[in-house]
Structure formats: C-alpha cells, structure tokens
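What follows is a single structure, written as structure tokens, with notes after it.
The values are calculated or read from the model by the stated rules, or taken from the named source; none is laboratory data. None of the values given here were measured: they were computed from a predicted structure. As a convention, Cβ positions derive from the backbone with ideal geometry for all residues, glycine included, and neighbour counts pool all protein chains shown.
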Amino acid sequence: MAGPKVGEKRELSPPFSTLNLDKKRRSHSPRPENLSVGATKAQKKEAAQLSQKRQSKIAKKHKKKLTDIEPCSHDDVYWREVISLLGQDVVDTAIEEGTELKAPFDFLEELELEISRLSSNGEGLAIAPSPKRSWVVFVPFSLPGEKVKARVYRNARLHSFADFLSVERPNPVMRDMSRVRCKYFEKCGGCQYQMLSYETQLDLKRDVVVRAYETFSGLPSPLVPAVLPTAPSPLQYGYRTKITPHFDAPVKVSRRDKQKAKQPIEPFPEGKTIPIGFNKVGTREVLDIEECLIATPVINEALGPLRKSILEKLHTYKRGVSLLLRDSLPIPAEASDIALTAEEHVCVTDHRGKVLERVGDKLFQYNASSFFQNNNAVLVPLVEYVRNAIFPPNTEGSAHTLPTHLVDAYCGAGLFSIMLSPYFKKIAGIELSSESIAAATDNAELNKLPPGRVTFRSGDAAHIFAAVPEFPPTETAVIIDPPRKGCDENFLGQLLEFRSTTVVYVSCNVHTQARDVGILLKKSMEEVEKGVKAGKYVLESVRGFDLFPQTAHVESVAVLRLV
Ligand SMILES: C[S@@+](CC[C@H](N)C(=O)[O-])C[C@H]1O[C@@H](n2cnc3c(N)ncnc32)[C@H](O)[C@@H]1O
C-alpha cells in the first residue's frame with residue numbers, strides 16, 4: 001500500500017503520451033499561465049504554432065501502437081476512460097480513419113467544456129465540443145455537470161489534458177469552495193477533492209473501485225460482489241505522516257561544463273530564494289509550499305525551519321534535492337527504553353535516521369527512507385478489517401477451519417505480521433528490501449513476540465511458498481500487499497499452487513489489484529473445469545479504504561476465499 005507522494009506528478013509520460021509536450025512546455029514554450037496574463041494574440045499564435053511543430057515532431061518519434069500501452073498503467077486507465085466515454089465504435093472508427101492522433105483544437109487553445117463525470121484520477125472528463133471529431137478532455141478540479149474553461153496542454157490518442165481555468169457553471173450540490181482549507185488548492189498537484197464533502201469523496205472512491213473491477217478484472221459481473229462503502233479515515237486533514245517537498249538545482253550546470261572545466265560552480269546569489277514544495281498540478285514545476293494541511297502538525301511545525309535553513313545555504317546546493325519530513329515518536333537513547341517513549345511527536349528529516357510509530361498497542365521502528373504507511377490514523381481500522389476477513393465473526397460451528405498460520409507477502413517493516421501476531425501460531429513474512437526485513441525482525445523483538453512465532457526473510461514474494469513447507473494451506477491465510485504494479489505471474493502461479501483458504505489482497509492500485517484478482521479467479525476456475533483441482537477461488541468482498549483524504553487516491557482490500 002504505497003500511495004502517491006503529495007504533489008507527485010502522476011505518470012502520464014511514455015509509453016502512451018504520444019504527443020507528450022509536457023517537458024517542452026515547461027522548458028521552452030511560454031507557460032499557459034504566462035500567456036493568459038497580458039499575452040498578445042500574436043504571442044499566443046506563435047506559441048501555438050511552435051508547439052504544433054514540436055507536437056508533430058514528437059508524435060512521429062513517439063508514435064506508439066495501441067498494443068504498446070502497458071496494461072493497467074496510468075495511460076491504460078486514461079485510455080479505458082476515453083473508450084468508455086466515446087464508445088468503442090467511435091474509437092474504432094477514428095483508428096480506422098487514422099484520425100486518433102489529430103486533436104480537433106490547437107495546442108494551448110482555451111475550451112469551454114461540459115464535464116460528464118470524474119476520472120479515476122479525479123479529473124473531470126468532457127467531450128470536446130468539436131464538429132470535426134469526438135475527443136475527450138481531462139480537466140482537474142472540475143466536477144460532473146459543471147461548465148468549465150480549460151486550456152489544452154497535452155494531446156494524446158483521442159484525448160487531451162487541459163489546465164483548469166475557471167468554473168462557468170458550478171455543480172451546486174457537489175462544489176462548496178468554503179470547504180477548501182489550503183491556500184495552494186488548484187495549484188498544487190497533491191489534493192484534488194477539497195471542495196467536496198467527505199461523504200462525496202468516499203462515494204467517488206467507491207465508484208473508482210467499481211469501475212476498476214468492471215474494466216480490469218475481466219470477470220463477468222456476477223463474480224464481482226457489490227463493492228462495499230469506502231472505509232473512512234478517522235482524520236481528514238493533518239493525517240499524513242510523511243511528505244517529500246523538493247527543489248530544483250539552484251544553479252543549472254550542464255554535464256559537459258562540469259566535465260570540461262572542473263572549475264568551481266558559480267554560487268547561487270545569497271539572499272535569493274527558489275520554490276521549495278510540491279509539483280504544480282500537471283507539471284514538474286515546483287510550487288513553493290510553506291504548509292501542507294494534510295500533513296501532521298509536527299511536520300508542518302518542522303517545515304518552516306527546514307525551508308529557512310535550506311534557503312540560507314542555497315548557494316551550496318549544486319543539485320535539486322528531495323527533502324524528507326516524517327512524523328515520529330522520539331527514539332530514546334537506550335533501545336530498552338523504547339516502549340516507554342513519550343507520546344509527543346518529533347519530525348525526522350534525516351534520510352538515514354530512524355522513525356518510530358505506534359499502531360494500536362504495537363511499536364514499529366524503521367529507516368526514515370523505507371516504506372511505511374503514510375496515514376497512521378487509519379491503520380488500526382485497516383488491520384482490524386483484515387483480521388475480520390481472515391476470522392469472519394460468524395464462522396462458529398461452520399465447517400470452515402480457522403487459519404492458524406499467516407503468510408505476509410510484501411511485508412515491509414512487518415505491519416500486518418506484528419499487528420496480527422496474537423491470532424496465529426506461525427507467521428512468515430517476505431519482502432524485497434533487506435532494510436525493511438531487518439526492521440521487521442527488530443520490530444518482532446521490540447514488541448516481545450514469542451520467539452519463533454514470526455520469521456521474516458528478504459527475497460521475492462514468490463519465494464515465500466517454497467520457504468514454508470510446514471504451513472498447512474487449509475489452515476493458512478495469505479495477506480498480499482504489493483507495490484503499485486501488483487503481483488507478477490510467478491507469484492500468482494505459486495499462490496494458486498499453494499491454495500490457502502483465505503487470501504486478503506491489500507493494494508494502493510485498485511487497477512492492478514482487479515487484474516490480479518481476475519487472473520486468480522479465472523485460472524482457479526479453469527483448474528476446476530479441467531478436473532485438476534477441486535476448489536476454486538471466489539471474490540467474497542471488495543472495499544476501498546481512504547488512506548488519503550482530499551485526494552483521489554484509494555486503497556482497496558479484496559477478500560478471496562477458496563470454496
Ligand atoms: C505497499 S508496500 C507494503 C508493505 C507492508 N505490507 C506495509 O503495509 O507496511 C509493498 C512492499 O513490497 C515490497 N516489494 C516490492 N516488490 C517485491 C517483491 N517482488 N517481493 C517482495 N516484496 C516486494 C516493497 O519493498 C514494499 O515494502
């Protein structure tokens with residue numbers, strides 16, 4: 001369950017962004033904002049012409065076949081949204097006619113658009129009002145039913161991305177700008193939903209889960225249960241325990257200059273400042289951020305002094321830097337005193353430092369640069385939900401054997417293994433990062449788990465099944481929590497071979513989750529049909545969890561049972 005960084009630019013780049021002008025737009029062409037303020041018609045025309053030339057050059061270079069789109073990638077998710085809005089027939093006709101890369105408007109053209117619905121990434125989707133051909137435009141910060149003004153900044157196959165300019169006719173039910181708390185909203189790429197009620201945000205995230213399973217699982221609808229309402233985060237602001245603001249190189253030095261001259265790099269003039277913060281929406285340009293209201297208070301308290309100290313020694317930086325601010329409990333000098341640590345929080349800014357967090361009655365220590373979930377407030381409800389899925393409350397007296405063993409695949413610093421340790425006789429966790437495995441092993445000791453109950457090993461998740469020959473599959477539950485790209489075929493094959501009674505799949509990318517669940521269900525059905533195996537997997541439930549309020553991001557938990 002990773003999750004987006006605040007202000008992180010979503011991956012819109014290759015292989016699908018055939019006319020990817022983003023970088024160029026930033027480096028050479030006049031920025032749209034600059035153009036809108038006082039730009040003459042001639043300037044706008046010149047920019048558009050320049051960009052059109054560049055557009056066709058890049059299009060030629062990068063023209064990709066549809067088959068090059070990586071399944072379940074951001075590009076694929078956008079492409080499926082385009083198909084669902086335009087209809088497969090319209091898309092097929094455009095491809096046949098060869099017009100699918102010919103946007104019906106100019107680069108940087110201002111459009112007035114009627115928003116139909118929201119995309120899975122939180123942008124409004126509109127069909128461009130063009131008599132030439134049907135074309136979809138994605139506009140951030142716009143809502144269904146609204147009429148908005150937007151300016152196109154990138155064209156791709158049958159769709160474009162546009163900067164949001166203004167709402168001409170708001171959706172009075174959904175939009176309430178008095179809800180917006182952050183002064184950077186609509187500029188920063190971090191949050192998409194601050195103008196919405198929290199209930200609406202949760203409903204929208206449920207829709208994303210529904211659409212992901214419809215689109216990416218390949219399962220007939222009767223095999224997908226009704227998606228449950230999204231579980232809320234106890235905190236809707238001040239929840240984020242990690243942020244990574246960044247800044248670009250204060251002085252640009254070309255590689256050739258560095259190699260050739262080997263002379264001291266010109267210092268950045270003292271007293272000057274540069275933006276330190278998150279990416280401006282839809283760009284890789286840094287927006288100066290002095291506070292981030294979704295981050296915890298201790299992070300915001302530390303951000304000001306950290307920014308100040310950087311600006312004071314700005315001339316010493318020769319490269320851009322990604323800062324790290326992590327909310328932590330203070331770590332006592334003596335490791336044995338760690339459980340007694342005070343509950344006032346501190347902010348860790350050293351990438352090589354340690355972070356200490358309490359989740360329920362357990363403590364977790366890990367390296368500041370390693371993975372840990374970024375919303376501490378929701379972790380107890382999330383783990384509880386996973387526990388209830390493994391031990392359903394009403395199974396007493398049923399033939400169902402309750403698991404005594406747990407496999408925790410992609411275990412990180414041991415969150416699920418350690419939190420669920422009281423409920424199992426034996427637990428095995430596996431994780432690629434040896435740093436995280438070291439932390440997980442230490443965390444088992446820190447929480448005084450009975451020796452031998454939990455073992456962690458570093459390696460590819462698929463290796464776990466060979467490593468636990470003594471785990472009886474019918475009495476073993478498996479938790480999977482892979483990175484955004486989901487599980488690979490090797491892992492899924494071995495999971496199917498192992499055949500544990502319960503699989504709980506936690507994911508920060510519901511699209512790859514839906515794909516993987518679809519593969520598991522279909523393959524296990526095939527095995528039954530061929531008479532190779534007796535039982536098959538069914539998808540018992542799917543539910544979104546809101547780990548990132550105010551953003552469009554959703555975590556998803558799917559429960560699979562062997563029947
Ligand atoms: C989303 S995190 C989940 C971590 C943990 N379950 C938690 O909640 O804290 C995914 C983890 O998978 C690990 N990982 C990535 N690829 C892996 C692989 N092929 N095998 C095992 N672990 C992997 C990453 O290092 C990362 O720690």
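With the checklist (1) within 15 Å of the ligand (Cβ to nearest atom); (2) under 14 Å from THR501 (Cα atoms); (3) surrounded by fewer than 19 Cβ atoms within 10 Å (Cβ to Cβ) in hand, flag the one item LEU406 doesn't pass.
(3)
Given the criteria in contact with a Ser or Thr (Cβ under 9 Å, 6 or more places away or on another chain), of a type in the set (A, V, I, L, M, F, W, C) and over 30 Å from TYR193 (Cα atoms), does LEU492 qualify?
No: the conditions fail for LEU492.
Would you be able to tell me the number of residues in region 179-220 that are β-branched (Val, Ile, Thr) and farther than 22 Å from SER84 by Cα?
2
From the list PRO250, PRO220, PRO232, exactly one residue is over 22 Å from the mean Cα position of the chain (by Cα), at pLDDT 95 or above and outside the structural domain of LEU85 (by TED's automatic domain parsing). Which is it?
Values: PRO250 fails: at pLDDT 95 or above; PRO232 fails: over 22 Å from the mean Cα position of the chain (by Cα).
One residue alone meets the criteria, PRO220.
Do you know which residues across region 141-172 are of a type in the set (Lys, Arg) and more than 14 Å from LEU118 (Cα to Cα)?
Answer for region 141-172, where residues must be of a type in the set (Lys, Arg) and more than 14 Å from LEU118 (Cα to Cα): LYS149, ARG151, ARG154, ARG157, ARG169.
GLN365 versus (1) touching a strand residue (DSSP E or B) at 6+ places or on another chain (Cβ under 9 Å); (2) more than 12 Å from the ligand (Cβ to nearest atom); (3) closer than 21 Å to PRO473 by Cβ: which is the lone unmet condition?
With (1) touching a strand residue (DSSP E or B) at 6+ places or on another chain (Cβ under 9 Å); (2) more than 12 Å from the ligand (Cβ to nearest atom); (3) closer than 21 Å to PRO473 by Cβ applied to GLN365, the lone miss is (3).
When you go through VAL378, VAL348 one by one, which is the residue that is among the hydrophobic types (A, V, I, L, M, F, W, C) and either away from the ligand (no atom under 12 Å from the Cβ) or over 23 Å from ASP546 (Cα atoms) (or both)?
Being among the hydrophobic types (A, V, I, L, M, F, W, C) and either away from the ligand (no atom under 12 Å from the Cβ) or over 23 Å from ASP546 (Cα atoms) (or both) holds for just one of VAL378, VAL348, which is VAL348.
Suppose the filter is within 12 Å of the ligand (Cβ to nearest atom), within 19 Å of SER507 (Cα to Cα) and in contact with a Cys (Cβ under 9 Å, 6 or more places away or on another chain); does SER433 pass it?
no
Yes or no: ASP327 closer than 12 Å to LYS242 by Cα and either acidic (Asp, Glu) or over 24 Å from the mean Cα position of the chain (by Cα) (or both)? Don't jump to the end; show me each part of the working.
On the way: closer than 12 Å to LYS242 by Cα: yes; either acidic (Asp, Glu) or over 24 Å from the mean Cα position of the chain (by Cα) (or both): yes.
Judged against the criteria, ASP327 is a match.
Test THR501 against the criterion of being in the same structural domain as ALA428 (by TED's automatic domain parsing), under 26 Å from GLY360 (Cβ atoms) and at pLDDT below 95, and give yes or no.
On the way: in the same structural domain as ALA428 (by TED's automatic domain parsing): yes; under 26 Å from GLY360 (Cβ atoms): yes; at pLDDT below 95: yes.
It is true that THR501 is in the same structural domain as ALA428 (by TED's automatic domain parsing), under 26 Å from GLY360 (Cβ atoms) and at pLDDT below 95.
Give the residue that is farthest from GLN550 (Cα to Cα), with candidates limited to residues of region 188-215 that are buried (at least 23 other Cβ atoms within 10 Å of the Cβ) and among the aromatic types (Phe, Trp, Tyr).
That would be TYR213.
How many residues, within region 478-502, are surrounded by 14 or more Cβ atoms within 10 Å (Cβ to Cβ), among the basic types (Lys, Arg) and within 12 Å of the ligand (Cβ to nearest atom)?
Selection size over region 478-502: 1.
Return the only residue of GLU470, GLU445, GLU475, GLU529 being away from the ligand (no atom under 14 Å from the Cβ), closer than 14 Å to LEU562 by Cα and acidic (Asp, Glu).
GLU475
Restrict the check to region 141-148 and report whether at least one residue is in contact (Cβ under 8 Å) with a residue 12 or more places away in the chain, crowded, with 22+ Cβ neighbours inside 10 Å and part of a strand (DSSP E or B).
Yes, the conditions are met somewhere in region 141-148.
From SER130, SER120, which residue is in a loop (DSSP other than H, G, I, E, B) and more than 27 Å from VAL286 (Cβ to Cβ)?
Details: SER120 fails: more than 27 Å from VAL286 (Cβ to Cβ).
Just a single option satisfies the conditions, and that option is SER130.
Considering each residue of region 448-463, count those that are within 14 Å of the ligand (Cβ to nearest atom) and either among the hydrophobic types (A, V, I, L, M, F, W, C) or over 23 Å from PRO403 (Cβ atoms) (or both), and give that number. Break it down into steps so the answer makes sense when it comes.
The first filter runs over region 448-463 and keeps only residues within 14 Å of the ligand (Cβ to nearest atom), leaving 454, 456-463.
Now drop any that are not either among the hydrophobic types (A, V, I, L, M, F, W, C) or over 23 Å from PRO403 (Cβ atoms) (or both), which leaves 454, 456, 458, 460-462.
Within region 448-463, residues that are within 14 Å of the ligand (Cβ to nearest atom) and either among the hydrophobic types (A, V, I, L, M, F, W, C) or over 23 Å from PRO403 (Cβ atoms) (or both) number 6.
Is at least one residue of region 152-162 at pLDDT below 95 and in contact with a Pro (Cβ under 8 Å, 6 or more places away or on another chain)?
Yes, there is a match, as at least one residue in region 152-162 is at pLDDT below 95 and in contact with a Pro (Cβ under 8 Å, 6 or more places away or on another chain).
Being part of a strand (DSSP E or B) and among the aliphatic types (A, V, I, L, M) narrows it down to one residue among LEU382, LEU406; which is it?
LEU406
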